[in-house]
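Worksheet: one structure, shown below.
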Amino acid sequence: MKIQNKLLIICFLLFSFFAHAQQTVSVSGVVTDTDGTPLPGASVVLKGTSTGTQTDFDGNYVLGNLPGNGTLVFSYIGFASQEVVINGQTTINVVLQEDTQALDEVVVVGYGELKVKDLTSAITTVDSEVLDIAPVGQAMQALQGRVAGLQIVNNGSPGQSPTVRVRGIGSYDTDLNDASDPSSPLFVVDGAFFDDIDFLNPADIESISVLKDASAAAIYGVRAANGVVLIETKSGKFNQKAQITYNGYSGYQVAQNVLKVANAEQFTRIALESGSEPDAQFILNAMQRYGRSRINPNVPDVNTDWYDEIMRTAIIQNHSINVTGGSETATYAIGANYFEQQGLLKMKNEYERFNLRSKLDFKVNEWLTLGGNVVLSNATRFDPEDSAWRLAYFAVPILPVLDPLLLDDPNVFPTNYANAQDLGYRGGQNPFPTMDFSENRNRIRNILANFYAEINLIPEKLVFRTAYNHNFETVDRREIRLPYFIGNNFQREDASILKRNTTVSNQIWDNTLTYTDTFGKHNLTVLGGSSFRDEAFDLLQAKGLNFPLTGEEAYFIDLAETIVEEENGNRVTRDDGRREYGLSFFGRVSYNFDNRYLLYGTYRADGTNKYQEKWGYFPTVGAGWVVTGESFMENNGIFDFLKLRASWGELGNDKVPSSEGSITSNTVTTALGDVLFSGVNTSSDFTTLKWEVTEEINGGLSARMFNNNLAIEADYYVRNTRDAVIPVERPLIPGTTRQNIGEIRNTGFELALNWSKQVSEDFNYTIGANVATLTNEVRDLGGQPFLDAGTAEFRQRSIVGESLFAFFGREVAGVYQNDAEIQADPVAVANGLEPGDFKYRDINGDGDITDDDRTVLGSFLPSYSFGFNLGFNYKAWDFSASAIGQGGNKILNRKRGEVIFTNDTNVDRDFAINRWHGEGTTNSYPSAAGIRKGWNQRLSDYFVEDGDFFRIQNITLGYTINRNGTLNGIPQTRIYVTAEKPLTVFDYNGFNPEVANGVDNQTYPIPAVYTIGVNIKI
């Protein structure tokens, strides 16, 4: 009986429990933010089910038939989600807090990570979404205008890396045409060091962090003097189902802002105005050979637009497929990519790259994690004959591409290209023989291998990590020059083949020990480590002449009749190489108290076999104050987050050579008695060099305002390069040798603003802008007043107090308009000037115009740059646009200036239209006759032009099918169209104002790119 009673009681209790559990309620309420503002479109969902609703415009919601013991999940983009147990309630009002996740996110720094809010350095991180927008072959091209203080100078040639500069130039020993010059930053890809990352597929990159100041970059020591670009490739995630992603686009490239040159009528007019009898005769020769124009019988019946002839519309395509995922103990990311880009130049000019990639991580047990990353890249790049751009500029428009009169000439082979010499001109001018009978092939293979082991010695406190990185690159270059004969002095007699093999093998072994702990309000991270690197470079080159002309199967030096050992005093067939070792020890301390007071410091000792001074020591320190953490900033109504930060640091630059100089031997003869004796007197002026040292001070602030919708980053920096390697005049012996005695300073201000707003569940938008200034100044040249660069005709000069490599010449004060003005000016009379000639400014005021009246005409470095971007998402639609610009820089229009070397070539249309051709027609341009005079050909601000420009960088519109995954059996598919660089506005008289060294002689144009693409996720 007792047992039965107990069973009845238990059954009653169970019935009561289930009955209560099955009771349903209707819940209503309001969802607001911390200011009481309603949040329309907020999601209210019963946890674990698809039952839910959204709030209306006033933040109200109603949800019925809910279990009384259920849990509601409230969420809204930009706010932290919140869970509330119903517990029988019928009214639940919720206040959502702004999501401060952006401040808690970590950014990659050297050998570790830090939270954004704990940074004391100038670091900007760009995620993969930005890289995916732009249809580019090299990832750094997509960063143009995205990072304040980062200058990207693009090159339109397929497969060519852009020039990358972080906060100016700090080395005199700089190759301004080389993307890997001593002023370029260090690229670190998953721990491996690179001079450029042109082999990487941008779609494989998870994020790019630009370490701009010395405090951030110094952990990398002597390789980081010009900033560091950290690249993290994409990984799988733990407990993630396998996801297959395809991203591909295809489109075409067109030349924009094509430089206009004089047409046949304008050219004829200028030739006749010049007063040159030979040029007038050349016009008559053209009319006799090709006939007269039916429109204007005083003009030859040929009007060739050479730029139009040598260019084409070029295709571009990219296809990537990736598989990512993971289990509880492993993650994986496997992918393949194919990229193809044709060049605008109508010759064998293209780039093709195929990549394979695999990245794996394994949690072996609770204390051991292993991982590896391998990237295989196989590319072929056919470089253009850059001289074709220069030839097309100078080629006269009264010359056709093909000359029918040469078709039956047995001496002309293999094509009857027209020859300007047949009209009387000194050169052949036609660019097509150079293009058609030349080929420059590069086969580029890269292997990046990275393996690591991570051991948790003390769980969540002490971690040891060892990592091995190996980058192996080979470049096989083949230059083919085939013979042709168009005319005397317009021919190539020998077929030549040059082969050059370069091999680079860089190995790095890093070991780090990281301790992380919290003591009350004290938060501490300490890192110590060592790094060993082994860098090897080998070069093998040979050249042969006159191989069989049977096709590519004969392109081997073994088939050449002659092996060329020397050319113009330089060894051609040679075997060269070098090997350098480095050993480094480093440490870092990151400390904060109560998340308010921040302290950061690093110290690195670098050893190398490269220099006589084997070790360098580079310390940094940074501090930060989170002002909004103070009690007096509570409820301030302005700042959600405000941090002030400052840093100081030193680091080295080991890209300069280890020694400089030469050995000089002189034969000495003397008489001893009646006998002559001869001997050799040998002297050496070798100097030993060491790394340059960069010292930088950076001050800045980071802020979030208006409910974290507005993010602000501002920095001011002073970067000094001490012990800069500069040339110094040698005593007694003519020439110079380089020494570590220079000093160069770069200063600037950087500001980045980003606004993001979630208007509703279906609509959000972002707006961003950044601006940067730069002042580059030579501070010391070892007592020398200046250093000259460039050529005598196109002088660049580095002067203490001015910018590096500033353009140096005369200032044009106007143009002489009439004879009375000539007679009134003793300078004009003394130099036999005429109306249409330049007036120059008398800088020193001595009443004469000489080289002493030259002055600084400007710098090729922009004094300011800016970027702007916006985007929005509305339901399945997305739109983004960006723009960039710069100003304050100058470009030497050397194409125009090379009239000094020859007068019988074409001119640009700007000069043809605006030239002086009578009193009052212009006060800025010389006459057709004047431009041929040495007086007007001196380097002046007529040839040095403004490089300011504004460009719409990218416009993208996309639509996503099955965005929320509600359509079964249909993958999430985004279709998009993109216009890349569709509009550039500038005044410079050239293809584009992006000229890396500021000297435009044969710059490759940058195309506008139009693509359509699709992104599929399965």
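Assorted remarks:
- Rough spin-label spacing in nm, given labels placed 7 Å along Cα→Cβ, for ASP494 and VAL829: 5.9 nm
- Highest average packing first - 953-960, 196-203, Cβ atoms within 10 Å: 196-203, 953-960
- Approximating the spin labels as points 7 Å out from Cα along Cα→Cβ, the SER530-to-ASP946 distance works out to 5.9 nm.
- Per-residue ellipticity at 222 nm from helix content only, as computed over the chain with -39500 (n - 2.57) for each DSSP H run of at least four residues, stands at -2500 deg cm²/dmol.
- In the chain, a dipole from Cβ-located charges (positive for Lys and Arg, negative for Asp and Glu) runs towards its positive end, and of PHE394, VAL31, SER631 it is VAL31 whose Cα lies farthest in that direction.
- Set of lysines with alpha-carbon distance to LYS655 below 19 Å, sequence-local pairs under 8 removed: LYS212, LYS610, LYS614, LYS690
- At R0 = 30 Å, FRET efficiency that the Cβ-Cβ distance of ALA453 and VAL1014 yields, to 0.05: 0.15
- Between GLN243 and TYR338, the contour length at 0.36 nm per residue exceeds the alpha carbon distance by 32.2 nm.
- Protection proxy ranking, highest mean first, for peptides 974-981, 120-127: 120-127, 974-981, where packing is the per-residue count of other beta-carbon atoms within 10 Å, averaged.
- Proximal lysines to LYS499, defined as alpha-carbon separation beneath 24 angstrom and excluding residues fewer than eight positions away on the same chain: LYS346, LYS348, LYS543
- Cα-based shape type of the range 217-323, given that a ≥ b ≥ c are square roots of the gyration tensor eigenvalues and the cut on a/c is 1.5: oblate
- Eligible lysines near LYS461 by straight Cα distance, threshold 21 Å, same-chain separation 8 or greater: LYS115, LYS117, LYS363, LYS521
- Residues ASN968 and ILE321, FRET efficiency given R0 of 35 Å [Cβ-Cβ distance, rounded to 0.05]: 0.90
- Net charge dipole size for the range 433-558 [Lys, Arg +1 and Asp, Glu -1 on Cβ; Debye, nearest 20]: 240 debye
- Between the range 861-898 and the range 223-258, the Cα center-to-center distance that results, in Å: 21 Å
- The slack between VAL258 and VAL364, meaning 0.36 nm per residue of separation minus the straight C-alpha distance, is 32.2 nm.
- With a simple spin-label model that places each label point 7 Å from the Cα along the Cα-to-Cβ direction, the separation between ASP517 and VAL73 comes to 3.8 nm.
- Given charges at beta-carbon only (K, R positive; D, E negative), |dipole| of the chain in Debye: 3020 debye
- Under the Debye formula (equal points on every Cα, no solvent term), log10 I(q)/I(0) of the range 445-563 at q = 0.12 Å⁻¹: -0.67
- Approximate shape of the range 370-511 as ellipsoid semi-axes (Cα gyration tensor, √5λ), whole Å, largest first: 57, 15, 10
- The chain: antiparallel DSSP beta bridges as a percent of all, rounded to 5: 95 percent
- According to the calculation over all Cα-Cα pairs in the chain, the P(r) per 20 Å bin from zero is 11, 36, 34, 15, 4, 1, 0, 0 %.
- Cleavage-rule hits, trypsin sites (Lys or Arg not before Pro), the range 427-504, DSSP coil, Cβ neighbours within 10 Å at most 16: LYS461
- Peptide ranges 505-512, 409-416, 963-970 listed from the most packed, as the mean C-beta count within 10 angstrom indicates: 505-512, 409-416, 963-970
No lab work stands behind these numbers, since they all come straight from the coordinates. Note that the structure is predicted; figures quoted are calculated from it, not measured. Every residue, glycine as well, gets a Cβ built from its backbone with ideal geometry; the counts of neighbours run over all protein chains shown.
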